[in-house]
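This report concerns only the one structure given below.
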Amino acid sequence: MSFVYEKLMGGKKGLIGFIILAALILVIFPLFLDSFRLNLVGKYLTYAFAAVSLVLLWGYGGILSLGQGIFFGLGGYAMAMFLKLEASSPENTAIQSTPGIPDFMDWNQITELPWFWEPFTSFTFTVLAVLIIPAAFAYLIGAAMFKRRVGGVYFAIITQVIAVILTVLIVGQQGLTGGINGITDLRTLNGWDITSDSAKNIFYFVNCILLLAVILASRVILTSKFGRILLAVRDKEDRVRFSGYDVANFKIFVFCFAAMISAIGGAMFTLQVGFMSPSFVGIVPSIEMVIFAAVGGRMSLIGAVYGTLLINFGKTTFSESFPEMWLFLIGGLFIAVVMLFPNGLAGLWDDYGHHITHKLRFITKGVSKLIPQSMLRKVEDTRS
Amino acid sequence: MRKTSTSRLPSIMRRRFVKGLMALPAAILLSNMSLSVSAAEVNTTGLAVTDDTVTVGILHSLTGTMAISETGAQEAEKLAIKQINDMGGILGRQIEIIQEDGASDWPTFAEKSKKLLVKDKVAAVFGAWTSASRKAVLPVFEKENGLLYYPTFYEGLEQSKNVIYTGQEATQQILDGLNWVAKEKEAKTFYLIGSDYIWPRTSMKIARKHIENVLGGKVVGEEYKPLGNTQFGSVINKIRLKKPDVIYAAVVGGSNVAWFKQLKAAGITSKKQTLLTISVTEDEVLGIGGENLEGFYSIMKYFQSQDNENNKAFVKAFKEMWGEDSVIGDVTQAAYLGPWLWKAAVERAGSFDVDKVVAESEKGDIELTTAPEGYVKLHKNHHLWSKARVGQWKKDGQATVVYTSELIEPDPFPAGYQ
């Protein structure tokens, strides 16, 4: 019990933070938002996967990746390829010169399905691909960089370059990838209409639960010995190395794990929004993801989710109300958050959160009189 | 990638309207009757229509790389809507606008189009520019049964029930221009160059088939550069080597500035070389500088310098509303047609219901005699009958129209060019 409590929840404060987040996204949003807004929140929460991955990578590991969009994109594209193949049945594409292949291939005079598209007819393969392809790609990058002790700014630059290369590749090979348009017009998942409101609601909850699970899994990693070594690597890499640890392997692992998390976000994005485009792979979205994590507080997994929500709510609200000048307002929001709360939204919670927990304890005390002693002991345990 | 054009319907329309009123007192009666039709009768699907207003959406990029191109389109749409309102609106209702920013970002276009249709319940949307943004919003319009007026010349290969295409599809722009240059310049060899995405590639595919199969000419080179590319040195060297009779270009957006400046720097000017482009309008010339492409040709359906009454009125109204310095390119004019085409269809349907408006539009006989580009007619395949025009650029950034085709039937799925 205390293992679960300490490791998974990160103590009382962590538990309260986690419960508030879960209540917010699982109960409050669905109750108070209409289905259009809820679907938007679902979209924002897919970016939160990437933001959470950056907390692990950057906040704890000190590895600043300016290319998380790569993995978000790979996950999203894998899912989009599956959905596109399903949408391109010979009946649906009868007007094409070659029925049965995606429409953009037909426009580009491609007459048969390229070999690497073939396996994406299988849903099982697709799910595995969403997780494994980004992780494998991250392993390649990680092994090449960290084994050679490339780090810091150089690593950040290289991740950016890879993001650019991938974008150019996707845009340039439009017959194979859909080019700058991306992969659009995705309608069904195993025959189930994913554009309906009910499907969007289901995806929203699946997305929330996956996100919460990813946060818990990340906590387990961070509170383990691995997490402490990661912190040590961040703060004094050489000392860790001299102590006999293979620093590169730790970095590679966390980079792969972060890639996998981002990719889940990408796949969920495709399912909820109904298309994937190269505009998620490049530099701008990758940097935006870092901003989400920074605004949330780069040491806080839960803060990353709030950071993502705040920025994206801001984007949507400002751009709807002031279509001509919303970018200035978003810029103002960044500056305000960074100036007022240097540790992000999580820093705000750290500074003022104890007032809330104090009040909660007060309430708990009152409630405790009403509940059996045995349960109370557990509460006391956990508080210690 | 194309934009700019203008036309001035308003004052002309106003004039005709006034004449009509004087000639036929019955018209007054009729228009009074339409005023009295209740919102429930002209709107059975829950759109944002009241007894005196109807709400439409405008969805273009106001920020990001496309803003420079899309500004003209949204200005033209606002002008058209203002003019329609000044004439009494549609079915006695004033048009109100909700504007959203697509931010040059395709997912944002999808989000905003859904917001306009689902939350705001707009009766029609005027918007989208690039093919990518149209592809992103298309599933939304089909799912929510919205109505989009799309202004840009584009690659064709598409015909959605929920979209009216007011620009040219590829064959309307390409075939006549090639015929003209083959005849006028006795061109036999062509060098094709474009930006690397769906529109230039599809256009070049059609151009190549036409050059090889119909004109009996030869394509001596075909080259694509990434969007935003500014290095054309290697292409220019190849062009020097191959000495094509015609350079046929579909370079889009900001790349054009580098492309034409580097051509000029390499000594390739209109004195020795014929260049025909399908992607440069008055808007781009503003950025490129007229002196850098003086004497080269563009194929469009509209040029600001077009000499007719409709266009003079349009250019004047546009400048009055948006400033003396504004230029009007092909797409701006096409965007201007959107609200007028919608008005015509709604009035004939006597309803704002999307299905009824589409059904009227699909009859294939909605005409605009007041279009700045001249006469246009809506084909039952949702595209416009229009003329192709070749313009030769002058130093001042305006073009002289040197060739005008007959009215061309739109054919978004051209047989033999696939």
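All of the numbers you see were taken from the coordinates with simple rules; none came from a lab. Because the structure is a prediction, the values reported are computed rather than measured. Counting neighbours? That spans all protein chains shown, and the Cβs are built from the backbone with ideal geometry, glycine included.
Observations on the structure shown:
- For B:GLN99, the residues whose amide H sits under 5 Å from its own are B:ILE58, ignoring neighbours fewer than 5 places away on the same chain, with H placed 1.01 Å from N.
- Measuring against 19 Å, Cα to Cα, the residue pairs B:LYS135/B:LYS161; B:LYS242/B:LYS272; B:LYS188/B:LYS272; A:LYS12/A:LYS236; B:LYS225/B:LYS272 contain A:LYS12/A:LYS236; B:LYS225/B:LYS272 as the ones spanning a longer distance.
- For the stretch B:367-383, the residues whose backbone nitrogen is under 11 Å from a point 7 Å from the Cα of B:THR404, taken along Cα to Cβ, are B:373-375.
- Among A:TYR204, B:TYR165, a tally of other beta-carbon atoms within 10 Å of each Cβ gives an order, fewest to most, of A:TYR204, B:TYR165.
- Peptide A:178-190, shielding by other chains (average Cβ, 10 Å cutoff): 4
- Value at 222 nm in deg cm²/dmol, rounded to 500, when DSSP H runs of n ≥ 4 in the protein assembly as shown each add -39,500 (n - 2.57): -17500 deg cm²/dmol
- Electrostatic tally near B:GLU223: other residues with Cβ closer than 10 Å to its Cβ, Lys and Arg +1, Asp and Glu -1, net 0.
- Pairwise FRET efficiency - A:VAL127 versus B:ASP365, Cβ, R0 = 45 Å, nearest 0.05: 0.30
- Across A:LEU211, A:LEU31, A:LEU222, mean-square fluctuation computed from a Gaussian network of chain A (C-alpha pairs under 10 Å connected) peaks at A:LEU31.
- Computed label-point distance, nm, for sites B:ALA40 and B:ASP355 using a 7 Å Cα→Cβ extension: 1.9 nm
- Inter-chain shielding of A:39-48 (mean C-beta neighbours from other protein chains, 10 Å cut-off): 1
- 5 angstrom amide H check on A:THR188, placed H, neighbours 5+ away: A:ILE194
- Based on C-alpha pairs under 8 angstrom that are at least 6 apart in sequence, the stretch B:47-112 has a relative contact order of 46 percent.
- Across the stretch A:2-317, the mean sequence separation of Cα contacts (distance under 8 Å, 6 or more residues apart), normalised by length, yields a relative contact order of 38 percent.
- Taking other C-beta atoms within 10 Å as the exposure proxy, B:ASP355, B:ASP196 rank B:ASP355, B:ASP196 from fewest upward.
- Exposure proxy order (Cβ contacts within 10 Å, fewest to most) of B:THR274, B:THR45, A:THR159: B:THR45, B:THR274, A:THR159
- Springs join every pair of Cα atoms under 10 Å in this Gaussian network model of chain A, and among A:ASN312, A:ASN343, A:ASN190 the largest mean-square fluctuation is at A:ASN190.
- Longest DSSP-loop-exposure-free segment, trypsin sites (Lys or Arg not before Pro), chain A, at most 10 other Cβ within 10 Å: A:149-368
- Among A:ALA258, A:ALA304, A:ALA129: highest mean-square fluctuation, GNM of chain A, C-alpha pairs under 10 Å: A:ALA129
- Summarising the label geometry, the points placed 7 Å from Cα in the beta-carbon direction at A:ILE28 and B:LYS312 lie 6.5 nm from one another.
- Across chain B, Cα pairs under 8 Å and at least six residues apart give a relative contact order of 23 percent.
- Distant-in-sequence amide H partners of A:GLY62 (H built 1.01 Å from N, under 5 Å): none
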